[in-house]
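Heads up, the thing below is written out as structure tokens.
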Amino acid sequence: MYNTILFDLGGVLVDWDPMNVYRKVFESEEKARWFLDNVCTMDWNDLQDGGQLISKGVADKIAEYPEYEAEITLYYEKWTEMFLGIFEKAVDLQQELINNPNFKVYALTNWCAEKWDTALGLFPFFKDFDGVVVSGEVGMRKPHDDIYQYTFKTLNIDPKATIYIDDNPANIEAGKRNNLVCIHCTEPAKLREELINLGLEL
């Protein structure tokens with residue numbers, strides 16, 4: 001029934017959180033959280049994931065919050081330190097699926113194009129997918145419909161025969177809207193169980 005698995009990356013295979021950097025920068029958890037909720041927000045991060053140059057994003061943010069110039073600059077300078085590591089059971093599952101001739105295994109990720117090569121160095125298993133669509137490289141990002149349709153066309157995916165795994169509820173809703181069968185990943189270690197529940201023989 002299903003012949004394709006489409007993975008998100010952050011929150012599914014790798015553990016990424018800007019708080020890993022900023023709790024070391026600010027004297028309290030509350031101040032670090034305030035900074036990420038109000039200055040270097042996820043909406044701002046999304047601009048770079050959608051293709052905006054880091055240099056422009058950082059300059060625009062410093063112009064908006066000049067008192068936080070040093071802290072804003074750290075966001076991409078310390079970007080690799082935002083990763084705590086990998087979700088081992090999920091990565092083991094990804095590798096098993098890639099080696100299973102019954103499936104094609106792809107990734108669709110919101111990721112800054114300028115950091116993609118760095119990501120491939122940090123996480124070599126990203127290279128093992130049959131294909132990857134990186135939002136920053138194509139100038140589109142989830143949860144907008146255009147990147148899903150682009151992915152289907154570029155990777156020759158039939159959405160109705162595809163299981164899509166993502167940790168972001170908005171992306172899951174977009175996946176459903178675009179006819180994908182979706183798993184909202186809240187516990188990467190349980191992905192195998194969830195795939196089996198959908199009828200996959202693993």
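The values are calculated or read from the model by the stated rules, or taken from the named source; none is laboratory data. Owing to the predicted nature of the structure, the values given are computational and were not obtained by experimental measurement. Heads up, the Cβs are rebuilt from the backbone with ideal geometry, glycines too, and the neighbour counts pull from every protein chain shown.
Residue-by-condition table, conditions (1) touching a residue at least 24 places away in the same chain (Cβ under 8 Å); (2) not charged (D, E, K, R); (3) not assigned by TED's automatic domain parsing to the domain that holds Pro188:
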residue	(1), (2), (3)
Leu36	no, yes, yes
Trp44	no, yes, yes
Asp49	yes, no, yes
Gln52	no, yes, yes
Gly57	no, yes, yes
Ala63	no, yes, yes
Ala70	no, yes, yes
Tyr75	yes, yes, yes
Lys78	yes, no, yes
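Taken together, the residues in segment 40-94 that are within 20 Å of Ala119 (Cβ to Cβ), of a type in the set (A, V, I, L, M, F, W, C) and over 19 Å from the mean Cα position of the chain (by Cα) amount to 2. Output yes when any residue across segment 105-112 is touching a Ser or Thr at 6+ places or on another chain (Cβ under 7 Å), more than 15 Å from Leu6 (Cβ to Cβ), not in a loop (DSSP other than H, G, I, E, B) and not basic (Lys, Arg), and no when none is. Checked against the condition, which is being touching a Ser or Thr at 6+ places or on another chain (Cβ under 7 Å), more than 15 Å from Leu6 (Cβ to Cβ), not in a loop (DSSP other than H, G, I, E, B) and not basic (Lys, Arg), segment 105-112 yields no hits at all. Looking across segment 167-189, the residues that are out of contact with any Pro (no Cβ under 6 Å at 6 or more places or on another chain) and either without any contact (Cβ under 8 Å) to a residue 24 or more places away in the chain or not assigned by TED's automatic domain parsing to the domain that holds Leu93 (or both) come down to Pro169, Ile172, Lys176, Cys182, Ile183, His184, Thr186, Glu187. Looking only at segment 167-202, residues that are out of contact with any Cys (no Cβ under 9 Å at 6 or more places or on another chain) and among the acidic types (Asp, Glu) come to 3 in all. Glu81 fulfils the conditions (1) in contact with a Lys or Arg (Cβ under 9 Å, 6 or more places away or on another chain); (2) at positive phi except for a single criterion, (2). What residue, among those in segment 79-112 that are of a type in the set (D, E, K, R) and within 30 Å of Leu36 (Cβ to Cβ), is surrounded by the most Cβ atoms within 10 Å (Cβ to Cβ)? Selected residue: Lys89.
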